1. Kindly establish whether residue 26 is modelled with pLDDT of 90 or more and not basic (Lys, Arg).
2. Would you be able to say whether some residue in the stretch 4-15 is surrounded by 10 or more Cβ atoms within 10 Å (Cβ to Cβ) and assigned to a loop (DSSP other than H, G, I, E, B)?
3. Is it the case that some residue within the stretch 53-64 is assigned to a helix (DSSP H, G or I) and basic (Lys, Arg)?
Amino acid sequence: MLDFDASPYGAYVWPAFAITALVFIGMIVSAFSHARHWRARTEALRQIAEQAEAARPPAPPSEAHVP
């Protein structure tokens, strides 16, 4: 069986565990939020690059003589 009795230190230990868990959950949420933001930014930049590539005039034919 698990023994969750922290005796006289319980008033300090359990709130510390709770604060640690909340901070850890906040860090995870923040990481996912930032990842979502940068994924959207990357996709937007990719679309801009594709549009610029499509709008670019074709390169002139090479004048190199191939025997």
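The values are calculated or read from the model by the stated rules, or taken from the named source; none is laboratory data. The structure presented is a predicted model; accordingly, all values stated were derived computationally and were not measured. Counting neighbours? That spans all protein chains shown, and the Cβs are built from the backbone with ideal geometry, glycine included.
1. On the way: modelled with pLDDT of 90 or more: yes; not basic (Lys, Arg): yes.
Judged against the criteria, residue 26 is a match.
2. yes
3. no
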